[in-house]
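K.L.:
There's a structure below that I have some questions on.
Values quoted throughout were computed directly from the atomic coordinates according to the rules given, and no laboratory measurement underlies them. Fair warning: this is a prediction, and the values are worked out from it, not measured in the lab. Reconstructed Cβ throughout: ideal geometry from the backbone, glycine too, with neighbour counts over all protein chains shown.
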Amino acid sequence: MKILVPLKRVCDPDNANKVKVSGDGKAVTSEGLEWKPNPFDEYAVEAALRLNENAAKNEKLGEIVVCSIGVADVAQTIRQALAMGADRGILVTADDGALESTVVARALKALVEKEKPDLVLMGKQTVDGDSNAVGQMLAEMLGWPMATFVASISTSDGGKSLNVKREVDMGVVTLKVTTPAVVTVDLRIVSPEAVKNGATPDSHKYNEGPRYASLKGIMQAKKKKIDQLELPALGSDATPATTYPRFELPPARSGSCTFVESVDALVDKLKNQAKAF
Amino acid sequence: MRDFAEQEIAPVIQALDQNEEFSIPIVNKMGQIGLFGITAPPEYGGAGMDYLAYCIAVEEIARIDVGHAITVAAGNSLGIMPIVSFGNESQKQQWLPRLCKGEILASFALTEPDAGSDAGASHTNARLKDGRWVINGSKLFITNSTSSIAGLCIVQLVTGNRSSRNKEISCILVPNGTPGFIAKKMSGKMVWRSSDTGELFFDNCEVPEANLLGKRGEGFHQMLHTLDGGRLAIAATSLGGSQGAFELALRYAKERRQFGRPISTFQAISFKLADMATGIEAGRALLYKACRLKDNGRPFEKQSAMAKLFCSELMGRVVDQAVQIFGGYGLLREYQIERFYRDYKALTIGEGTSEIQRIVISRKIGCFDV
């Protein structure tokens, strides 16, 4: 199966430097930040690797292409996914400020038409913008079946169909989608037995979480290809559907904390002081 | 590498240290991400990286736990590299692929009860009898030598006498489990409690003549060559340990409040932290220079000894000041810093004591050329 994994970098929340807003409130400034792959996208890379390998025989079964849209430095984030085991990268360069969900979805549609993958596998949302929109827009634009918030995948019909489980508020929804399709993944897609591809024995248990890049993987990634092109070269409409008129930081937390003696006292404070219910 | 150490080692290290337990599951995971055979050629399953990359990897592990860094450093420098450097093709084929996967570990047995810094005084010996080496003697403080995945021991021993005072020293490969070879775990260590340290006994232990590593009589040269490279990894372990202790102290100093403000804002504390950070940067510059010299095929023995000496003694100063910053809490196990405080001590002793490093350096700078 050929899988396309769109990957976005986000600022590392563990880094001491935090996001700041420019003086005029028109933009978010990212100076001094450290970057990491959006965690849900990293889970998508892991899920793609699991779908496209026989883990028992250490065999690869299909191609995984990782793509990203952003500034030239994003190549480093793509390189991390290549070190995990993806085969090839595509970097579409664009100014971060000119990107929003619709522009990204249109660009991805153009990439999908060029690459013709069997599956687009991506994070359910990014942890910076939290829009949770690109996957759904892309499926609509392509006219492809879509499954979102997917927590497990097993293939059937020789890889032509995917049986997926989606975690929703009231429980778990099981869906069957035929490829080509767009699937967005949730946290539990990287639990030890979340992905079954018919090649890796069903009894195989992966380590929890996305795999670490091995040192050999890092060496191999240096030789893997990242095609680079500018956003206009894709020919997709780059007019944003939404604009951000103004940014402001949340108010600083007051940080007060009091201990209560009993559950009754807590309920009383929540009800009468905080007016929570 | 940092993610691996923080997610796989940090959560369990306190229990491993307390129970003096060597974790085979962690070693297997370290093998999966390629931490064994980092500098070994890819055709034998290595990663084919340079010494700088190797040292950075070791540094990141030591930042969380020195014991695991030692398992990696010994596995690479002492277990794998002698076979890469001196083994014949069939020895490489036989041992390297499994060693590089981390399925088994090899150890390098040099120190004896009566031969430490004076490595030439080894008593352990091998006689050639009917095409087989018959080995007798004992070894001490041998890392990675006793666990259930310890697969091979490279033993330095006496294979004859060139003259009455000049022994012929060689290295011989002895698989763990060979009859007459007993490996006993040494327990009750103050340091590196998550690593596997053994005492080895050879009692008429027989191996084929073909198990000789390289040429007969080259054991002493092989040992010196191995330790020149090994020192870089010990320096990296010391540097990573210093970094870990420094970060713990800095975080604590920013959280701990006395006299109404964080103690990191008192000059007495901030200057200690500034000195630690400066020492670490200096040590890193020295170590990376030594690595670059080696990676470019230039002489590096002097800088390697300097890096080992400087970084291991640096860690002594860093952990001492770090515990001072923690005050009473620093003496408690749960604050982690006491483990760094203990673990530092073997770094100025193993793979050449500080005194031996000073001998190497003073020879290299010409003190004795008079």
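K.L.:
As an exercise, use a Förster radius of 25 Å and the Cβ-Cβ distance of A:LEU175 and A:ASP73 to find the FRET efficiency, rounded to the nearest 0.05.
P.N.:
Working: r = 37 Å, r/R0 = 1.48.
Approximately 0.10, to the nearest 0.05.
K.L.:
Rounded to the nearest 500, what is the 222 nm mean residue ellipticity of chain B from helices alone, with -39500 (n - 2.57) per DSSP H run of 4+ residues and division by all residues? If you can, show how the numbers build up before the last one.
P.N.:
Details: 11 runs with 170 residues, N = 370.
So the calculated ellipticity at 222 nm is -15000 deg cm²/dmol.
K.L.:
Still on this structure, please answer the following. Going through the DSSP H helices of chain B, which span 30 Å or more along their own axis at the Cα atoms while scoring at least -0.5 as a mean Kyte-Doolittle hydropathy?
P.N.:
Working: long enough: B:219-255 (53 Å, 0.06); B:267-295 (41 Å, 0.13); B:301-326 (37 Å, 0.26).
Answer set is B:219-255, B:267-295, B:301-326.
K.L.:
A follow-up question, please. Along the Cα-to-C-beta direction of B:VAL12, a point sits 7 Å from the Cα; which residues of segment B:131-167 have their amide N less than 17 Å from that point?
P.N.:
The answer is B:147-150.
K.L.:
What list of ³J(HN,Hα) values in whole Hz, one per residue of segment B:127-144 in order, does the Karplus curve 6.51 cos²θ - 1.76 cosθ + 1.60 (θ = phi - 60°) give from phi, with Gly and Pro shown as x?
P.N.:
10, 8, 9, 6, x, 9, 7, 10, 10, 9, x, 8, 9, 9, 6, 9, 5, 6
K.L.:
Taking H placed 1.01 Å from N in the peptide plane, check which residues at least 5 places from A:LEU61 or on another chain put their amide H under 5 Å from its amide H.
P.N.:
A:GLU53, A:ASN54
K.L.:
Take A:ASP14, project a point 7 Å from its Cα along the Cβ direction, then tell me which residues of segment B:63-82 have their backbone nitrogen under 20 Å from it.
P.N.:
Counting backbone N atoms under 20 Å from the label point, the list is B:63-69.
K.L.:
While we're here: Taking other Cβ within 10 Å of each residue's Cβ, how do A:MET1, A:MET122 sort, fewest first?
P.N.:
On the way: A:MET1 21, A:MET122 30.
With the sparsest Cβ surroundings first, the list reads A:MET1, A:MET122.
K.L.:
Rounded to two decimals, what ratio of Rg to Rh does segment A:187-277 give with C-alpha atoms and a Kirkwood Rh?
P.N.:
1.22
K.L.:
Right, another one. Work out, step by step, the length gained on full extension between A:ASN132 and A:GLU248: first 0.36 nm times the residue separation, then minus their alpha carbon distance; give nm to one decimal.
P.N.:
Values: separation 116, 0.36 × 116 = 41.76 nm, distance 2.10 nm.
Stretched out fully, the A:ASN132 to A:GLU248 stretch lengthens by 39.7 nm.
K.L.:
Can you give the direction-averaged projected area of the convex hull of the alpha-carbon atoms in segment B:230-332, in nm²? Walk me through the numbers on the way to the answer.
P.N.:
Working: hull surface 26.4 nm².
Computing the convex hull of the Cα atoms and averaging its projections yields 6.6 nm².
K.L.:
A further question follows. If the elastic network links every pair of Cα atoms under 10 Å, which of A:SER161, A:SER203, A:SER68 fluctuates the most in the Gaussian network model of chain A?
P.N.:
Residue with maximal mean-square fluctuation among A:SER161, A:SER203, A:SER68: A:SER203.
K.L.:
Let me ask something additional. Can you grab the distance from the C-alpha centre of segment B:95-154 to the C-alpha centre of segment A:199-223, Å, no decimals?
P.N.:
33
K.L.:
Relative to the Cα centre, what is the charge dipole magnitude of segment A:137-277, using +1 at the beta carbon of each Lys and Arg, -1 at the beta carbon of each Asp and Glu, and rounding to the nearest 20 debye? Please report the intermediate quantities before stating the final value.
P.N.:
Values: 18 positive and 15 negative charges, 113 e Å.
The dipole magnitude comes to about 540 debye.
K.L.:
While we're looking at this one, here's another question. At A:VAL21 and A:ASN207, where each label point lies 7 Å from the Cα along Cα→Cβ, what is the point-to-point distance in nanometres?
P.N.:
If labels sit at A:VAL21 and A:ASN207, their model points lie 4.1 nm apart.
K.L.:
Let me ask something else about it. From the phi angles alone, apply the Karplus equation (6.51, -1.76, 1.60; θ = phi - 60°) to segment A:172-182 and give each ³J(HN,Hα) in whole Hz, x where the residue is Gly or Pro.
P.N.:
Whole-Hz 3J(HN,Hα) from phi for segment A:172-182: 10, 9, 9, 10, 10, 10, 9, 7, x, 8, 10.
K.L.:
A further question on this structure: Which one of A:THR243, A:ALA72, A:ILE226 is farthest out on the positive end of the charge dipole of segment A:2-252, using unit charges on Cβ (Lys, Arg +1; Asp, Glu -1) and the Cα centre as origin?
P.N.:
A:ILE226
K.L.:
Additional query: Any idea what the dipole of the protein assembly as shown comes to, in debye rounded to 20, about its Cα centre with Lys/Arg Cβ at +1 and Asp/Glu Cβ at -1?
P.N.:
The calculation lands at about 820 debye.
K.L.:
Given R₀ = 41 Å, what would the calculated FRET efficiency be for B:ARG363 paired with A:GLU31, taking r from the Cβ atoms and rounding to 0.05? Could you put the intermediate results ahead of the total?
P.N.:
Numbers: r = 50 Å, r/R0 = 1.22.
The formula returns an efficiency of 0.25 here.
K.L.:
What is the ratio of the Cα radius of gyration of segment A:2-252 to 2.2 N^0.38 Å, with N the residue count, to two decimals? Mind showing how you got there, number by number?
P.N.:
On the way: Rg = 18.0 Å, N = 251, 2.2 N^0.38 = 18.0 Å.
Normalised by 2.2 N^0.38 Å, the Cα Rg of segment A:2-252 equals 1.00.
K.L.:
So, by mean Cβ neighbours within 10 angstrom, what's the order for B:272-278, B:150-156 with the highest one leading? The partial results should precede the final answer.
P.N.:
Details: B:272-278: 16.6, B:150-156: 25.6.
Final packing ranking: B:150-156, B:272-278.
K.L.:
Rounded to the nearest 500, what is the 222 nm mean residue ellipticity of chain A from helices alone, with -39500 (n - 2.57) per DSSP H run of 4+ residues and division by all residues?
P.N.:
Details: 6 runs with 62 residues, N = 277.
Value at 222 nm, helices only: -6500 deg cm²/dmol.
K.L.:
Can you give the Rg/Rh ratio of chain B, where Rg is from the C-alpha atoms and Rh is the Kirkwood radius? Could the numbers behind the result be given before it?
P.N.:
Working: Rg = 20.9 Å, Rh = 21.1 Å.
Reported Rg/Rh (Cα atoms, Kirkwood Rh): 0.99.
K.L.:
Order B:184-190, A:30-36 from most to least packed using the mean count of other Cβ atoms within 10 Å. Provide the component values of the computation, followed by the final result.
P.N.:
Working: B:184-190: 11.6, A:30-36: 13.4.
Sorting B:184-190, A:30-36 by mean packing, highest first, produces A:30-36, B:184-190.
K.L.:
Between B:ARG333 and B:ASN296, what is 0.36 nm times their sequence separation minus the Cα-Cα distance? Round to one decimal in nm.
P.N.:
Values: separation 37, 0.36 × 37 = 13.32 nm, distance 4.30 nm.
Between B:ARG333 and B:ASN296, full extension yields 9.0 nm more.
K.L.:
Given H placed 1.01 Å from N in the peptide plane, which residues other than close sequence neighbours of A:LYS20 have an amide H under 5 Å from its amide H?
P.N.:
So A:LYS20 has HN proximity to A:THR29.
K.L.:
Something else: Based on Cβ point charges of +1 for Lys and Arg and -1 for Asp and Glu, what charge dipole magnitude is obtained for segment B:107-215 about its Cα centre, in debye rounded to the nearest 20? If you can, show how the numbers build up before the last one.
P.N.:
Working: 12 positive and 10 negative charges, 24 e Å.
Approximately 120 debye in magnitude.
K.L.:
Another question, if that's okay. Tell me, what HN-Hα J-couplings in whole Hz come from the Karplus equation 6.51 cos²θ - 1.76 cosθ + 1.60 at θ = phi - 60° for each residue of segment B:116-124, using x for Gly and Pro?
P.N.:
x, 4, 8, 5, x, 8, 3, 9, 4
K.L.:
Across peptide B:31-37, how many C-beta atoms of other chains are within 10 Å of each residue C-beta, on average? Working shown, then result.
P.N.:
On the way: counts 1, 4, 8, 8, 2, 1, 2.
For this peptide, the per-residue mean of nearby foreign Cβ atoms is 4.
K.L.:
Give the peptides A:96-103, B:124-131 in descending order of average Cβ contacts within 10 Å, highest first.
P.N.:
Numbers: A:96-103: 16.6, B:124-131: 15.0.
Ranked by mean Cβ neighbours within 10 Å, highest first: A:96-103, B:124-131.
K.L.:
Can you give the convex hull volume per residue for the Cα atoms of segment B:204-280, as a whole number of Å³?
P.N.:
Taking only Cα atoms, segment B:204-280 has a hull volume of 154 Å³ per residue.
K.L.:
By the gyration tensor of its Cα atoms, with a ≥ b ≥ c the square roots of the eigenvalues, what is the shape of segment A:59-161: rounded for a/c under 1.5, prolate for a/b over b/c, or oblate? Intermediate values should be presented prior to the final figure.
P.N.:
Details: a/c = 1.68, a/b = 1.22, b/c = 1.38.
Since a/c reaches 1.5 but b/c is at least a/b, the shape of segment A:59-161 is classed as oblate.
K.L.:
Now for a separate question. Using a 7 Å offset from the Cα along the Cα-to-Cβ direction at both A:ALA55 and B:THR353, what is the distance between the two label points in nm, to one decimal?
P.N.:
In this crude spin-label approximation the distance works out to 5.0 nm.
K.L.:
Another one. For B:LEU105, enumerate residues with amide H under 5 Å from its amide H, sequence gap 5+ or separate chain, H modeled in the peptide plane.
P.N.:
Under 5 Å from the amide H of B:LEU105 lie the amide H atoms of B:ALA150, B:GLY151, B:LEU152, each far enough along the sequence or on another chain.
K.L.:
Between A:SER191 and B:GLN258, what is the label-to-label distance in nm when each label sits 7 Å out along the Cα-to-Cβ direction?
P.N.:
4.8
K.L.:
Would you mind checking A:LYS20/A:LYS114; A:LYS26/A:LYS124; A:LYS165/A:LYS271; A:LYS124/B:LYS101 for any pair whose Cα atoms are more than 30 angstrom apart?
P.N.:
Values: A:LYS20/A:LYS114 37 Å; A:LYS26/A:LYS124 27 Å; A:LYS165/A:LYS271 38 Å; A:LYS124/B:LYS101 35 Å.
Long pairs (Cα-Cα over 30 Å): A:LYS20/A:LYS114; A:LYS165/A:LYS271; A:LYS124/B:LYS101.
K.L.:
Please check chain B for the longest run free of chymotrypsin sites (Phe, Trp or Tyr not before Pro) that are loop-located per DSSP (anything but H, G, I, E, B) and have at most 16 other Cβ atoms within 10 Å. Intermediate values should be presented prior to the final figure.
P.N.:
Numbers: sites that count: B:PHE259, B:PHE266, B:PHE368.
No qualifying site falls inside B:1-258, the longest such stretch.
K.L.:
Could you let me know the centre-to-centre spacing of segment B:165-223 and segment B:1-69, using Cα atoms, in angstrom?
P.N.:
Their Cα centres are 24 Å away from one another.
K.L.:
So which trypsin sites (Lys or Arg not before Pro) in segment A:117-210 end up in coil per DSSP with only 16 or fewer other C-beta atoms within 10 Å? Can you show the working numbers first?
P.N.:
Values: sites: A:LYS124, A:LYS160, A:LYS165, A:ARG166, A:LYS176, A:ARG188, A:LYS196, A:LYS205; in loops: A:LYS124, A:LYS160, A:LYS205.
When the trypsin sites (Lys or Arg not before Pro) of segment A:117-210 are filtered for loop state and at most 16 Cβ neighbours within 10 Å, A:LYS160, A:LYS205 remain.
K.L.:
Now a separate question. Once every Cα of the protein assembly as shown carries one equal point scatterer and solvent is ignored, give the base-10 log of I(q)/I(0) from the Debye formula at q = 0.06, 0.08 Å⁻¹, two decimals.
P.N.:
For the protein assembly as shown at q = 0.06, 0.08 Å⁻¹, log10 I(q)/I(0) is -0.42, -0.73.
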